[in-house]
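Chemist: Pasting a structure here, questions to come.
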Amino acid sequence: VTKRVTKGNAEQEKRLTDLTTLVLSVQKKQENANKHTKQEEAEGHKISTFIDSQLKVLLRQTKGCRVYYYSYHNGGYSVNGRSFQKMSMQNEIVDMNVPPIMGQFQGIPRKMFSIIDNTLVKEGHFYIDDIETIKEEDNGTYFWFNSRGTKSVYMQIVRDNVEDVCLGFIGVEYDKQEKRDLYVCKLSLSKIAQTISGALQMTQEESGNE
């Protein structure tokens, strides 16, 4: 029996073939997206664990009550070549009996704390030995720290030196006014900021090579 192929049948078979190819292509893209998402989650967990380990060192060396890493971002997404407009506390380590606050500080506009932000970007660090000294000049920043019992705070920028972009900052807070070795505190902040910066840059390079 000879099967007669009409023009209509040929067009229908072509449409079916094209549809099948499209479905397979979409499935393949979805599989790749899922795979990429899982890789990103694994990488994110890895870098977060590393930052936590560095913050534990910082807490031990500085004898603070709270240390943290704030990440700069754009509403949750990093955009190359564009200044980051928001910041979120991504990691936090606290001393015994000190309540964590990380959940309260997510997606904060950087301009809310413009003095801190501008100083960090310009000078690379921000130090307040006694927050009472900024009460009149910067009441918003004063309230931010005073509301959780902070007496002194020291921050250091985390910068991508290759792209010349500020990625965020680390900080250490004290809830008591007492004599402390500020040289050790500031040196620890500087070294650990550099270590975290290197790890973040390495993670970005590995992601870009995949």
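Chemist: How would you rank 149-158, 62-71, 94-103, highest first, on the average number of other Cβ atoms within 10 Å across their residues? Before the final figure, lay out the partial values.
Modeler: Values: 149-158: 20.9, 62-71: 22.9, 94-103: 12.0.
Answer by packing, highest mean first, reads 62-71, 149-158, 94-103.
Chemist: Excluding V184 itself, what net charge comes from residues whose Cβ is under 15 Å from its Cβ, given Lys and Arg +1 and Asp and Glu -1?
Modeler: Once positives and negatives cancel, what remains is +3.
Chemist: Now for a separate question. For every other residue with a beta carbon closer than 10 angstrom to the beta carbon of P100, add +1 if it is Lys or Arg and -1 if Asp or Glu, then tell me the sum.
Modeler: 0
Chemist: Taking R0 as 22 Å, what's the FRET efficiency between R60 and Q194 from their Cβ-Cβ distance, rounded to 0.05?
Modeler: 0.80
Chemist: Could you tally the net charge around M87, taking each other residue with its Cβ under 13 Å from the Cβ of M87, Lys/Arg +1 and Asp/Glu -1?
Modeler: Once positives and negatives cancel, what remains is +2.
None of the figures in this text is laboratory data; all of them are computed from the coordinates on show. Just so we're clear, the structure is a prediction, and the values are computed from it rather than from any experiment. Every residue, glycine among them, receives a Cβ derived from its backbone with ideal geometry; neighbour counts consider all protein chains shown.
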